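Submitted below is the structure of interest, expressed as C-alpha cells.
The values are calculated or read from the model by the stated rules, or taken from the named source; none is laboratory data. Quick caveat, the model's predicted, so the values are computed rather than measured. So basically every Cβ, Gly included, is an ideal-geometry build from the backbone, and we count neighbours across all protein chains shown. Accessible surface areas use protein heavy atoms only, side chains included; no ligands, DNA or RNA. Shrake-Rupley method; radii C 1.70, N 1.55, O 1.52, S 1.80 Å.
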Amino acid sequence: MATIVLEHIKKTFGQGPSVVDDFSIEVADGELVVLFGPSGCGKTTTLRMIAGLEPATGGSISIGDRCVESSGNMPRVNISPAKRNVAMVFQNQALYPHLDVFDNIAFGLKMRGMEQAEIEQRVSETVELLGLGPLIHRRPNRLSGGQRQRVALGRALVRRADVYLMDEPLSSLDGPLRDNLRHEIRRLHDRLGLTMLWVTHNAEEAMALADRIVVMRQEVSQDNITGGVQQIDTPAAIYESPANRFVAAMIGRPGINVMSGTLYTNGNRLDFNGKTLVVPGIDSIYPKLKEYVRQAIAAGIRPEDVTIVPEHQKIASNEYAIEGQVDSVECFGRECMIYMGGIDGTILETGFDAKSERLEKQELFAVRRQSDPSLMPAHGEKVQLVIDPHRLLFFDRETGKTIV
Ligand code: ATP
C-alpha cells in the first residue's frame, strides 16, 4: 500500500470556474479517508485526477514516493492511469455480462498477461475473502445488486493496487444490504491495510467508515462557484467541533438545529432572544463570544442535547428553555424524533438531507429521545425544550464560522 499526497490541487474545465480549488491532504498508508459533500462539490473530479483520468489544472499528486501528476507553476508530470497502480470502484460498476464471476475477477490479470497459475491463486483468495465461492460460476444477470458490487470490489482487490478509489460504491444498494457491505468493506480494509479514498454524500456512511472525513462544499451562483474544503478531521472531531454552520448541519441526521437571535452577555449570563442562559465560565468556554455582543448570531444545538419538559413544570433557574409545540413524531424502535414548531427565533436550518441534497430550512426544531410512551408528548402539546448549555455551538451570522 502507499500514501496519497495532494498538494494544492486545482481543477477547472475549460474557461469555467474552479470545481476543485487548492485542495491539500496527506492520506496515510492504510488510512480510509472519506470525501463527503453534496452533489457537484468536486468529489469525483478529485478521484479522477488521482487516477489520472482527468488532468489537474494546478498542484501535484504523489502516490507513495512517486509524483504522478503536477501542473500549474510546477514542471508538468502526467503518469498514465495504467502506470499509477490505482484501482477504482464505481457505483453500478459494469461487469462483463458474458463472463462468470471467476472470469470477471480474472479479466484484468489476463489482460496484463499474468500466468494462469498466479491468476487462479489470486482470484481464489479474493473470492474467498469476499464470500463469493458459491457464486463463482454465475454470470452477472444471475447475481443480486449486492453480489455484483462485491464482484466489482473483487476485480479491484485482485489487482493489489497501491491505493483504492471508491466512488459511491454502495449507492445503488438499499437498507441492510448496504449496511452489511459497508461493514464488510471496512473489515477488509482493516485486515488488508488498504489505503482508500471513498466518496459519498451520505453522512451516516461517512461517519461509519472514515478514519478522517473531508467535508467539501461547492455553491454555484450565476457564473461563480465558491466553497471548497470546509474541514478535514476524524468523524468524532467533526461532530463535536464543526468548523462552521455548513459542516454542523451536514453531519448528523437530522442535523443540528440552528436558530438566529441577538446575543447579550453579562458575566456568566448569556441572553439570546430574550431568554437567559447561565453558563459558568462562559468566558473560557467561548472566549470570542463577547466580540459578538448585541449582534445577530446563529446558535446551534443537536437534537440529542435537548430535553423535553412539560409546559408548566418549573425548570431550574440556571437552565435555558425555549417553548415549542409538538408538530410531528417519527419513531424508530428504541428512539424517536420529535419535531417542534412555534420556536422563538428563526430556525435557519435543521440539517442536510441526502435525498434532496440540500440543507433543509424547515421551521421545525428536531429533538431526539428514547421512545418511552409514558413520556411522549402528545401531538400539538406545548412543551419546554431545555437546552444543555455546554453543548451549544455559536456561529458568525455572516461567515458561518464557529465562534470559539
Ligand atoms: P456527485 O456527488 O453528483 O457525483 P461530485 O461532488 O462528485 O458530485 P463532480 O462530479 O466532481 O462532483 O463535479 C464537480 C463539478 O464539475 C460539477 O459542477 C460538474 O458539473 C463539473 N464537471 C464535472 N465533470 C465535468 C466536465 N467533464 N466538464 C465540465 N464540467 C464538469
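Please go through segment 39-70 and give me each residue that is of a type in the set (A, V, I, L, M, F, W, C) and away from the ligand (no atom under 16 Å from the Cβ), ordered by number.
The answer is ILE63, CYS67, VAL68.
Within segment 1-90, which strands (runs of 3 or more DSSP E) (wholly inside it) include 3 or more residues that are β-branched (Val, Ile, Thr) and surrounded by fewer than 21 Cβ atoms within 10 Å (Cβ to Cβ)? Spell out how you get there, then give the answer.
Details: elements: 4-12, 18-27, 32-36, 58-63, 66-71, 86-90.
Where strands (runs of 3 or more DSSP E) fall fully within segment 1-90, none carries at least 3 residues being β-branched (Val, Ile, Thr) and surrounded by fewer than 21 Cβ atoms within 10 Å (Cβ to Cβ).
While we're here: Out of curiosity, is LEU95 modelled with pLDDT under 95 and either open to solvent by 20 Å² or more (accessible area, probe 1.4 Å) or under 30 Å from GLY42 (Cα atoms) (or both)?
The answer is yes for LEU95.
Out of the helices (runs of 4 or more DSSP H) lying entirely within segment 215-289, which hold 3 or more residues that are at pLDDT below 80? It would help to see each step written out before you state the result.
Working: elements: 235-240, 245-250, 282-285.
In segment 215-289, the matching helices (runs of 4 or more DSSP H) lie at 282-285.
OK, next. In segment 347-380, how many are among the charged types (D, E, K, R) and modelled with pLDDT of 80 or more?
Of all residues in segment 347-380, those among the charged types (D, E, K, R) come to 349, 353, 355, 357-358, 360-361, 363, 368-369, 372.
Adding the requirement that they be modelled with pLDDT of 80 or more leaves 368-369.
Adding up the residues that qualify gives 2.
From the residues in segment 1-32 that are polar (S, T, N, Q) and free of Cβ contacts under 8 Å to residues at least 40 places away in the same chain, which one is nearest to ILE213 (Cα to Cα)?
Pass one, segment 1-32, residues polar (S, T, N, Q): 3, 12, 15, 18, 24.
Next cut, free of Cβ contacts under 8 Å to residues at least 40 places away in the same chain only: 15, 24.
Values: GLN15: 30, SER24: 13 Å.
Filtering segment 1-32 for residues that are polar (S, T, N, Q) and free of Cβ contacts under 8 Å to residues at least 40 places away in the same chain, the one nearest to ILE213 (Cα to Cα) comes out as SER24.
What's the total number of residues in segment 291-322 that are farther than 16 Å from ARG391 by Cα, among the charged types (D, E, K, R) and within 32 Å of the chain's Cα centre (by Cα)? Show your work before the answer.
First, the residues of segment 291-322 that are farther than 16 Å from ARG391 by Cα: 291-297, 309-317.
Then drop every residue that is not among the charged types (D, E, K, R), which leaves 291, 294, 311, 314.
Pick out the ones that are also within 32 Å of the chain's Cα centre (by Cα) and you get 291.
Result for segment 291-322: 1.
Of everything in segment 93-118, what is small (Gly, Ala, Ser), in a loop (DSSP other than H, G, I, E, B) and either within 24 Å of PRO169 (Cα to Cα) or touching a Phe, Trp or Tyr at 6+ places or on another chain (Cβ under 6 Å) (or both)? Give them in sequence order.
Of all residues in segment 93-118, those small (Gly, Ala, Ser) come to 94, 106, 108, 113, 117.
Filter again for in a loop (DSSP other than H, G, I, E, B), leaving 94, 113.
The one that is small (Gly, Ala, Ser), in a loop (DSSP other than H, G, I, E, B) and either within 24 Å of PRO169 (Cα to Cα) or touching a Phe, Trp or Tyr at 6+ places or on another chain (Cβ under 6 Å) (or both): ALA94.
Can you tell me which condition VAL404 does not meet? The list is (1) at pLDDT 80 or above; (2) touching a helix residue (DSSP H, G or I) at 6+ places or on another chain (Cβ under 9 Å); (3) crowded, with 18+ Cβ neighbours inside 10 Å, and all the others hold.
If we test VAL404 against (1) at pLDDT 80 or above; (2) touching a helix residue (DSSP H, G or I) at 6+ places or on another chain (Cβ under 9 Å); (3) crowded, with 18+ Cβ neighbours inside 10 Å, just (3) comes out false.
Does PHE36 satisfy the criteria of being in contact (Cβ under 8 Å) with a residue 24 or more places away in the chain and within 12 Å of the ligand (Cβ to nearest atom)?
Working: in contact (Cβ under 8 Å) with a residue 24 or more places away in the chain: yes; within 12 Å of the ligand (Cβ to nearest atom): yes.
Considered against the rule, which asks whether it is in contact (Cβ under 8 Å) with a residue 24 or more places away in the chain and within 12 Å of the ligand (Cβ to nearest atom), PHE36 comes out as yes.
Would you say LEU170 is under 20 Å from the mean Cα position of the chain (by Cα), over 27 Å from ALA299 (Cα atoms), of a type outside the set (Asp, Glu) and in a loop (DSSP other than H, G, I, E, B)? Talk me through it step by step, then tell me what you get.
On the way: under 20 Å from the mean Cα position of the chain (by Cα): yes; over 27 Å from ALA299 (Cα atoms): yes; of a type outside the set (Asp, Glu): yes; in a loop (DSSP other than H, G, I, E, B): yes.
For LEU170, the condition - under 20 Å from the mean Cα position of the chain (by Cα), over 27 Å from ALA299 (Cα atoms), of a type outside the set (Asp, Glu) and in a loop (DSSP other than H, G, I, E, B) - is met.
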